[in-house]
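**Q** Dumping the structure here so I can ask a few things about it.
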Amino acid sequence: MQRKLIEVAYEITYMCNLRCSHCYNSQELSHREELTTEQSKKALKELHDFGATKLKIGGGEPLLREDFFEIYSYAKNIGYEVNFSTNGLLVLESMDKLMKNRVDKLQISIDNLGEKHDKIRNKKGLVEIVEKTIDELRDVNMKISIATTLTKDNYKDLDDILKFCREKEVYRWRVMKYIPNGLDDKLLLSKEEYKNAVIKLLEMKSQCDIKPEIIVAREFDLIKTPMDYNDMQCFGGKTMLSLKPDGDVTPCSYIHHITCGNITKDSIGKIWGSKEMACYATDCYDVSCEHAEKCRGGCKSASYFMTGKFGCDPYCWVKKES
């Protein structure tokens with residue numbers, strides 16, 4: 001694949017109003033300076049001029065930035081396709097601004113239902129707020145997607161979460177791989193648990209002829225479906241990069257220790273062409289595997305945090321069974 005920047009994942013702030021058990025956004029970083037409004041706009045303009053057309057805004061919690069909607073609208077006006085993720089806690093009080101700034105879709109994180117969700121997010125009553133939020137957004141025809149991070153805390157409750165998504169008529173349910181802090185991480189699924197959960201999700205996906213669309217990102221069993229080949233590989237450094245709140249740039253949102261430059265000090269050409277970015281874009285896969293050309297080794301960040309080095313995704317079971 002030829003390297004060409006298409007997508008930017010902008011972690012717009014370190015600030016957050018929750019302390020979620022599985023979040024990779026370290027609270028230790030919350031004291032660091034963040035890009036100003038004008039620096040954010042300049043960075044987004046440079047990235048767009050370089051070829052980026054898609055922008056995903058996350059955090060922290062984006063709505064905690066007072067200038068969030070100014071930056072959001074600027075990005076849309078210069079031509080980005082913009083999506084943003086929120087924990088849902090501040091959406092209701094931001095409804096007027098959402099409408100004024102023509103926000104037509106957003107992603108809300110839901111990792112379970114009832115007290116289980118509240119426990120994961122460390123906020124009592126959160127799921128009730130989120131449910132009311134979804135109802136109000138649906139009433140104004142907002143496209144809502146739900147994001148769920150797959151962990152020990154919810155892998156047995158997938159049926160309930162899907163039922164909730166259907167009842168709320170969300171258009172997409174995205175189930176994401178949990179990137180751990182090591183093999184002793186208590187939220188980390190075993191390989192067998194992960195495999196069973198993914199197979200279940202794939203069955204749900206095959207049987208789901210109504211909303212929501214189920215997205216199971218970059219899972220190895222999907223190589224059996226040619227249309228999903230292009231979603232198999234890691235795109236960090238190939239077509240996407242991560243912009244941190246302080247302007248640092250890394251190849252992947254999960255990777256904080258590989259800094260390829262800072263957008264306030266280095267040109268995007270220099271950053272994209274750095275040896276760190278190019279090295280991360282290099283595929284890590286087993287050439288003896290018949291599927292290697294399709295998956296290209298899968299998720300590099302999962303490999304790094306589970307094994308201490310970049311290589312094939314440790315969760316892969318396809319090679320052994322093929």
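**Q** Once Lys and Arg get +1 and Asp and Glu get -1 on their Cβ, which of Leu55, Gln2, Ile110 lies farthest toward the positive end of the dipole of the chain?
**A** The residue sitting farthest along the positive end of the dipole is Gln2.
**Q** Under 10 Å, Cα contacts only: if you run a Gaussian network model on the chain, which one of Thr86, Thr264, Thr149 comes out with the highest mean-square fluctuation?
**A** Greatest mean-square fluctuation among the candidates belongs to Thr264.
**Q** Could you look at the chain and say what percent of its accessible area is carbon and sulfur, using a 1.4 Å probe and all protein chains? Intermediate values should be presented prior to the final figure.
**A** On the way: 7350 of 15330 Å².
With neighbouring chains kept in place, the figure for the chain is 48 percent.
**Q** Can I ask one more? Using only the Cα atoms, work out Rg/Rh for the stretch 93-194, with Rh taken as the Kirkwood radius, to two decimals.
**A** 1.02
**Q** Then there's this: Just how many pairs of Lys in the stretch 258-322 have C-alpha atoms closer than 21 Å, counting pairs that are eight or more places apart or on different chains?
**A** Lysine pairs, 8 or more places apart or on different chains, close enough: 10.
**Q** Still on this structure, please answer the following. Give me D for the stretch 1-121 in µm² s⁻¹, whole number, from Stokes-Einstein with Rh from the Kirkwood sum over alpha-carbon pairs, 20 °C and 1.002 mPa s.
**A** 139
**Q** Which residue fluctuates most in the GNM of the chain (Cα springs below 10 Å): Asp49, Asp248, Asp153?
**A** Ranking Asp49, Asp248, Asp153 by mean-square fluctuation puts Asp49 first.
**Q** Still on this model: In sequence order, what are the phi-derived ³J(HN,Hα) couplings for the stretch 103-110 according to the Karplus relation 6.51 cos²θ - 1.76 cosθ + 1.60 with θ = phi - 60°, rounded to whole Hz, with x for glycine and proline?
**A** Working through the residues one at a time gives 6, 10, 7, 7, 10, 10, 7, 9 Hz.
**Q** Same structure again: Lysines within cross-link reach of Lys200: Cα-Cα under 19 Å, excluding same-chain residues under 8 positions apart?
**A** The qualifying lysines are Lys152, Lys156, Lys163, Lys177, Lys191, Lys211, Lys224.
**Q** Could you tell me which of Cys316, Thr86, Tyr155 has its Cα farthest along the dipole of the chain towards the positive end, charges placed at Cβ (Lys, Arg +1; Asp, Glu -1), taken about the Cα centre?
**A** Cys316
**Q** Between Asp248 and residues 5 or more places away or on another chain, which pairs have amide H atoms under 5 Å apart, with H built 1.01 Å from N, and which residues are they?
**A** Ile263
**Q** List the aspartates and glutamates whose alpha-carbon lies under 17 Å from that of Lys205, not counting same-chain residues fewer than 8 positions away?
**A** The reachable aspartates and glutamates, counting only those whose Cα sits under 17 Å from Lys205, are Asp157, Asp159, Asp160, Glu167, Glu169, Glu213, Glu219, Asp221, Asp228, Asp231.
**Q** Calculate for the chain the 222 nm mean residue ellipticity that helices alone would give, adding -39,500 (n - 2.57) per DSSP H run of length 4 or more and normalising by residue count, nearest 500 deg cm²/dmol.
**A** Working: 12 runs with 106 residues, N = 322.
Computed mean residue ellipticity for the chain: -9000 deg cm²/dmol.
**Q** P(r) for the chain, please, calculated from all Cα pair distances in 10 Å bins and given in %.
**A** For the chain, the binned pair fractions read 6, 26, 35, 27, 7, 0 percent.
**Q** Just the Cα atoms of the stretch 237-322: what Rg and Dmax do they give in Å?
**A** Final numbers for Rg and Dmax: 14.5, 48 Å.
**Q** Evaluate the distance, in nm, between pseudo-label points positioned 7 Å from the Cα of Glu128 and of Ser21 along their respective Cα→Cβ axes.
**A** 2.1
**Q** What accessible area per residue, rounded to a whole number of Å², is obtained for the chain using a probe radius of 1.4 Å?
**A** It amounts to 48 Å² per residue over the chain.
**Q** Hey, another quick one. For the chain, set up a Gaussian network in which alpha carbons nearer than 10 Å are linked by springs, and say which option among Glu169, Glu11, Glu290 fluctuates the most.
**A** In this elastic network of the chain, the residue with the biggest mean-square fluctuation among Glu169, Glu11, Glu290 is Glu290.
**Q** Could you run the Karplus curve 6.51 cos²θ - 1.76 cosθ + 1.60 with θ = phi - 60° over the stretch 246-255 and give me ³J(HN,Hα) per residue in whole Hz, x for Gly and Pro?
**A** 8, x, 5, 10, 10, x, 8, 4, 7, 9
**Q** Using 1/(1 + (r/R0)^6) with R0 = 25 angstrom and r between the beta carbons of Lys119 and Ile210, what's the FRET efficiency to the nearest 0.05?
**A** 0.25
**Q** Continuing with the same structure: With θ taken as phi - 60° and the coefficients 6.51, -1.76 and 1.60, list the Karplus ³J(HN,Hα) couplings across the stretch 35-52 in order, rounded to whole Hz; mark glycine and proline as x.
**A** Going residue by residue, I get 4, 6, 4, 5, 5, 4, 4, 4, 4, 5, 5, 5, 5, 5, 4, 7, x, 5 Hz, with x marking Gly and Pro.
**Q** What dipole magnitude, in Debye to the nearest 20, does the chain give about its Cα centre under +1 on Lys/Arg Cβ and -1 on Asp/Glu Cβ?
**A** 460
The values are calculated or read from the model by the stated rules, or taken from the named source; none is laboratory data. Keep in mind that what you see is a predicted model, and the values were worked out from it rather than measured. Ideal geometry is used to build each Cβ from the backbone, glycine not excepted, and the neighbour counts take in all protein chains shown. We work out accessible area using only protein heavy atoms, side chains counted, and drop any ligands, DNA or RNA first. Shrake-Rupley method; radii C 1.70, N 1.55, O 1.52, S 1.80 Å.
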